[in-house]
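Student: Below you'll find the structure I mean.
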Amino acid sequence: MKKLIPITAYIVVIIILIVIVVIRNIKISKKIKKYIEDLETEKNLILSAPILNELSKAESLAKDEKTKSKYDNWQNRFDNIRNKDIPEVTDMLLQADSYVESKDYKSLKPHLAHIELKIYRLREKTNTLLDEIKEITLSEEKNRERIVKLKSDYRLIKSDYEKDMDSYGNVGEAIELQFESIEKRFQEFEVAMEKKDYDEINYIVKGIDEMVEHIRYVIKEVPAILIMCNELIPNKIKDISDIYETMTKQKYQLDYLNVQYNISETNKKISDILDRIKVLNLEDVVFELKTIINYFDSLYNDFEGEKLARTKFEDNMKSFKFKLTRTEKIIKSLLEEVESMENNYDLSNNDVNRLKVINKEVDSISVSFSDLNDCSKNHSFPYSKLSKELDYLIIKLSKIDDSLDYDVQTIGSMKEDEARAREQLDSIKDLIKKARNRVRLYNIPVIPDNYYVELKDASDAIQEINKELNKKPINIETLNIRVDTARDLAFKVFNTTNDIIKNVMMAEETIVYGNRYRSVKEQVNAGLNRAEQLFYEGSYRKSLEVAMDAIDYVEPGIHNKILNAFKNEGS
């Protein structure tokens, strides 16, 4: 019994899989059949197109050989679709059904794609044929509707012309001839409609459309064109000529604008445009006239620009001349100073060479400025160009002035540093002198060795300053280092002197203060004796500490009292 359970389960699984496969195949088969039915429907819709109805209309309209020939061609193409293409698609659909029945899905897939492509191309053929037929069957209605619209537009255009005929001047004759031509074309349309000559009708309608659009543009633009040609541009030419002549007398150089040549060419262009307007040829005319007007408008700007450039140039020439003269004086003064300073100071080659290069640049600017001034006097260049050249020189000179500020500061600082070094040397000597005098004044028993070492270092540093000051040339950088070193050492000696004197005074007064306690306690007496010994050996700081420690036996806190007493005394 237990063995039968797995077998039964296996059989059930197999049955379920078979059922699933069968259901899946049924669904695929239904889906494919539905797709084939849709293709069948699309094929049938091709023939349901209103081609037969349109062919019937075309047959009734085929009165001449040309139209009959077209009709026969359309009929043959339709018969070919109906009798050859459609049956071919039908056979392909039957073959598809056969593939479905035999479950040959591998062959079915490309076959269906081929059918779909065939139907698509057949639909395109049918639509193209229908469109060609409708060009004839709908021609009369469509063209009649178009002609009615064109006649309405034509009447409005002609009415606009007749309201203001004087605005068209001698072009009016050509316009009226064009009106007559359009009316003649309307008559030709009626004749072609009676003859049912549809090719000729299409040609006539297209021609009338183009003529109406052309005359519409003519009626709209000619008055403005005539005003521009006969009034606006001639007035601008006269105004420009007057300004040009006046400015030329005022020594403005305006040759670069080619004003006279362009006026001559403009007059030729205007004459050509007027000739073209007489035959209603307005192609590019408006564009050309606007270009001419823009050119003359730009001349006003050019003239005004030259006037502003002249004012700016003349003002800048005055200020630039002053700045150039000042810069030349500065560079000359610096070069003279450098020549004398080279003997006194250790100037770097870069600083000297830089000044020489700057001098050459200033000379070059001076030459350019002189040439610019000559050009201005000779009136050989426009002021706009002269002003730009002057702006360039102004920028160059400004950069040189900025550079010279550094050189003036550098050279001036050398002299200042030397003078300051001499002043500080006197101050340092005075500080050392004060320190020595204080030592003598307080009659210090023993002067510590470190004091003499510091004093010697300070004296040597002073000698180094003297050596640098006596050198020719002086190296300012080294001199400044020597001065800073000597000053630091001098302050060190001065501070050491003050510390020694302070410690001597404190130690001496503390021992005197402690003498009152000698007989009170032996430790005090021994300590003070030791302090006196250290005092006469020159160990003043140590003497002070020993004395305070001794007194502390009988007067605790003596350290702070003594230190505070001297602190208050010092303040």
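Every number here is computed from the coordinates shown, using simple stated rules; none is lab data. Fair warning: this is a prediction, and the values are worked out from it, not measured in the lab. Note that each Cβ is placed from the backbone with ideal geometry, even for glycine, and that neighbours are counted across all protein chains shown.
Student: Determine, from the Cβ-Cβ distance of PHE186 and ASP315 and an R0 of 56 Å, the FRET efficiency 1/(1 + (r/R0)^6), rounded to the nearest 0.05.
Tutor: Values: r = 72 Å, r/R0 = 1.29.
After rounding to 0.05, the efficiency reads 0.20.
Student: Let me ask something additional. How much net charge surrounds ASP297 when only other residues with a Cβ under 13 Å from its Cβ are counted (Lys, Arg +1; Asp, Glu -1)? List each step's numbers first, then the result.
Tutor: Details: positive: LYS236, LYS290; negative: ASP239, ASP302, GLU304.
Here the charged neighbours net out to -1.
Student: How much length is gained on full extension from VAL554 to GLU194, taking 0.36 nm per residue of separation minus their Cα-Cα distance?
Tutor: On the way: separation 360, 0.36 × 360 = 129.60 nm, distance 15.50 nm.
Stretched out fully, the VAL554 to GLU194 stretch lengthens by 114.1 nm.
Student: Would you calculate the separation in nanometres between label points at ARG438 and PHE381, each defined as 7 Å from the Cα along the Cα-to-beta-carbon direction?
Tutor: 7.3 nm
Student: Could you tell me the calculated FRET efficiency between ILE447 and ASP488, based on Cβ-Cβ distance and R0 = 22 angstrom, to the nearest 0.05?
Tutor: Step by step, r from the Cβ atoms, then E = 0.55.
Student: Continuing with this model, one more query. In the structure displayed, which of LYS323/LYS356; LYS356/LYS467; LYS84/LYS106; LYS158/LYS290 lie more than 23 Å apart, Cα to Cα? All intermediate terms of the calculation are to be shown ahead of the outcome.
Tutor: Details: LYS323/LYS356 19 Å; LYS356/LYS467 31 Å; LYS84/LYS106 28 Å; LYS158/LYS290 27 Å.
Cα-Cα > 23 Å for LYS356/LYS467; LYS84/LYS106; LYS158/LYS290; rest within.
Student: Quickly work out the ILE14-to-ASN202 label distance, labels modelled 7 Å from Cα along the C-beta direction, and quote it in nm with one decimal.
Tutor: 7.4 nm
Student: Okay, next question. Kindly state, to the nearest 0.05, the FRET efficiency for ASP302 paired with GLU477, given R0 = 41 Å and r defined as their beta-carbon distance. Display every interim value, and only then the final one.
Tutor: Details: r = 59 Å, r/R0 = 1.43.
After rounding to 0.05, the efficiency reads 0.10.
Student: Within segment 74-98, name every residue whose backbone N is under 16 Å away from a label modeled 7 Å from Cα of LEU117 along the Cβ vector.
Tutor: Once the point is set 7 Å along Cα→Cβ of LEU117, 89, 92-93 turn out to lie under 16 Å by backbone N, inside segment 74-98.
Student: Can you give me the long-range amide H partners of GLN253? Hydrogens built in the peptide plane at 1.01 Å from N, cutoff under 5 Å, separation of 5 or more residues or another chain.
Tutor: TYR383
Student: Kindly flag which residue pairs out of LYS151/LYS269; LYS238/LYS385; LYS249/LYS360; LYS249/LYS385 have an alpha-carbon separation exceeding 30 Å in this structure. All intermediate terms of the calculation are to be shown ahead of the outcome.
Tutor: Values: LYS151/LYS269 36 Å; LYS238/LYS385 27 Å; LYS249/LYS360 39 Å; LYS249/LYS385 19 Å.
Over 30 Å apart, Cα to Cα: LYS151/LYS269; LYS249/LYS360.
Student: From the backbone phi of segment 546-558, what are the Karplus-calculated ³J(HN,Hα) couplings (6.51 cos²θ - 1.76 cosθ + 1.60, θ = phi - 60°) in whole Hz, Gly and Pro given as x?
Tutor: Once θ is set to phi - 60°, the couplings for segment 546-558 become 5, 5, 5, 4, 5, 5, 4, 5, 10, 9, x, x, 5 Hz.
Student: Here is a follow-up. Run the numbers for ASP72 and ILE395: contour at 0.36 nm per residue of separation, minus the present Cα-Cα distance, in nm. Write down the numbers at each step before the final one.
Tutor: Details: separation 323, 0.36 × 323 = 116.28 nm, distance 8.82 nm.
The span from ASP72 to ILE395 would gain 107.5 nm if fully extended.
Student: Once label points are set 7 Å from the Cα along Cα→Cβ at both LEU232 and ASN294, what is their separation, rounded to one decimal in nm?
Tutor: A separation of 1.4 nm, rounded to one decimal place.
Student: Further, regarding this structure: Run a plain Debye calculation on segment 138-283 (Cα atoms as equal point scatterers, no solvent) and give log10 I(q)/I(0) at q = 0.19 Å⁻¹, rounded to two decimals, same order as the q list.
Tutor: These q points yield log10 I(q)/I(0) values of -1.06.
Student: What's the extension gain from GLN533 to LYS249 if we count 0.36 nm per residue and subtract their Cα-Cα distance?
Tutor: On the way: separation 284, 0.36 × 284 = 102.24 nm, distance 11.07 nm.
That pair, GLN533 and LYS249, stretches by 91.2 nm at full extension.
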